[in-house]
Amino acid sequence: MVAVFLAAIGGIIVWTSQSDTNDPGVVSAEKVGDFCQLVDTSAAAEFAPVEDERLDRSKPEANPPRFICEVKMLADEESSHYLLLTITTDVRVESTIGAAREAYAGAIGYEESEGNPVSETGTKADEAGFVTVSEAADLQEYRAHLRSSNAVGSVSIVVSGPAMAVEDIRHILVTVGQETLAVMGSE
């Protein structure tokens with residue numbers, strides 16, 4: 001009797017945790033206008049306050065719709081060193097929360113298969129992972145993958161110039177990713 005009761009409770013827990021799999025989520029690709037205007041890179045301004053270029057490479061007609069913005073930021077003229085940050089925000093809007101979960105798991109699986117270390121971000125996103133891609137002396141590359149509702153975002157940064165602290169980079173990536181997904185979910 002106890003085994004049947006425990007099995008029933010386990011089934012209810014699994015069902016309720018997966019009950020939103022077919023839920024369409026809160027992000028609507030049709031409501032995204034100028035995607036690059038939604039991407040706030042002010043978290044990087046302390047290190048590279050001059051925005052040099054902002055390119056929108058979105059493909060809203062893709063299946064699933066994909067929104068991509070690349071922002072290049074430089075140290076100001078008074079800086080004693082050259083620093084270029086290239087921040088690329090790439091968001092896919094999936095049809096359901098379940099599809100977004102699968103896309104996020106696929107992104108993390110890909111990173112791990114490439115030998116890129118993935119760690120938790122300690123954020124409020126539904127799912128989030130921080131990835132170290134390259135840590136050379138004058139070129140660093142990192143990514144954060146985040147899922148919120150039915151949207152999956154990947155934010156990458158390439159640092160050209162003196163090395164930055166990994167915690168500062170993690171903060172920039174997570175902040176840009178979370179804020180972009182939050183704005184898209186509220187549009």
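State which residue pairs qualify: first residue under 13 Å from residue 25 (Cβ atoms) and inside segment 98-110, second residue loosely packed, with under 14 Cβ neighbours inside 10 Å in any location, beta carbons under 9 Å apart, and separation of 6 or more residues or different chains.
Going by the 9 Å Cβ cut-off, the qualifying pairs are 98/18; 98/21; 98/22; 98/23; 99/21; 101/21.
Quick one: what pairs do we get from segment 32-43, first residue in a helix (DSSP H, G or I), second among the basic types (Lys, Arg), C-beta under 7 Å, 6+ apart or different chains?
Listed by first residue and then by second, the contacts come to 36/54.
Exactly one of (1) among the hydrophobic types (A, V, I, L, M, F, W, C); (2) outside any strand (DSSP E or B); (3) open to solvent by 30 Å² or more (accessible area, probe 1.4 Å); (4) modelled with pLDDT of 95 or more is unmet by residue 172. Its number?
Condition (3) is where residue 172 drops out.
If a residue has to be under 13 Å from the mean Cα position of the chain (by Cα) and among the aromatic types (Phe, Trp, Tyr) to count, how many in segment 75-116 make the cut?
Looking only at that region, the number is 1.
Quick one: residue 152 ticks every box in (1) touching a Ser or Thr at 6+ places or on another chain (Cβ under 9 Å); (2) open to solvent by less than 40 Å² (accessible area, probe 1.4 Å); (3) at pLDDT 95 or above except a single one, so which number is it?
Tallying (1) touching a Ser or Thr at 6+ places or on another chain (Cβ under 9 Å); (2) open to solvent by less than 40 Å² (accessible area, probe 1.4 Å); (3) at pLDDT 95 or above, residue 152 fails exactly one: (1).
For (1) on the phi > 0 side of the Ramachandran plot; (2) exposed (fewer than 13 other Cβ atoms within 10 Å of the Cβ); (3) touching a residue at least 40 places away in the same chain (Cβ under 8 Å), each residue gets a yes or a no:
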position: 49; (1), (2), (3): no, no, no
position: 59; (1), (2), (3): no, yes, no
position: 63; (1), (2), (3): no, yes, no
position: 69; (1), (2), (3): no, no, no
position: 73; (1), (2), (3): no, no, no
position: 78; (1), (2), (3): no, yes, no
position: 81; (1), (2), (3): no, yes, yes
position: 84; (1), (2), (3): no, no, yes
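Which count do you get for residues in segment 107-151 that are hydrophobic (A, V, I, L, M, F, W, C) and in a loop (DSSP other than H, G, I, E, B)?
3
Confirm whether residue 33 is open to solvent by less than 40 Å² (accessible area, probe 1.4 Å) and not hydroxyl-bearing (Ser, Thr, Tyr).
no
Table: residues versus (1) of a type outside the set (Phe, Trp, Tyr); (2) modelled with pLDDT under 95; (3) assigned to a loop (DSSP other than H, G, I, E, B).
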{"site": "5", "(1), (2), (3)": "no, yes, no"}
{"site": "9", "(1), (2), (3)": "yes, yes, no"}
{"site": "26", "(1), (2), (3)": "yes, yes, yes"}
{"site": "46", "(1), (2), (3)": "yes, yes, yes"}
{"site": "55", "(1), (2), (3)": "yes, no, no"}
{"site": "76", "(1), (2), (3)": "yes, yes, yes"}
{"site": "80", "(1), (2), (3)": "yes, yes, yes"}
{"site": "88", "(1), (2), (3)": "yes, no, no"}
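Assuming residue 93 fulfils every condition listed in (1) under 14 Å from residue 151 (Cβ atoms); (2) crowded, with 18+ Cβ neighbours inside 10 Å; (3) modelled with pLDDT under 95; (4) hydrophobic (A, V, I, L, M, F, W, C) apart from one, which condition is it?
Of the numbered conditions (1) under 14 Å from residue 151 (Cβ atoms); (2) crowded, with 18+ Cβ neighbours inside 10 Å; (3) modelled with pLDDT under 95; (4) hydrophobic (A, V, I, L, M, F, W, C), the odd one out for residue 93 is (3).
The values are calculated or read from the model by the stated rules, or taken from the named source; none is laboratory data. Here the structure is a predicted model, which is why all the values come from computation and not from measurement. For neighbour counting, all protein chains shown are included, and Cβ atoms are generated from backbone atoms with ideal geometry for every residue, glycine included. For accessibility, only protein heavy atoms count, side chains too; no ligands or nucleic acids. Shrake-Rupley method; radii C 1.70, N 1.55, O 1.52, S 1.80 Å.
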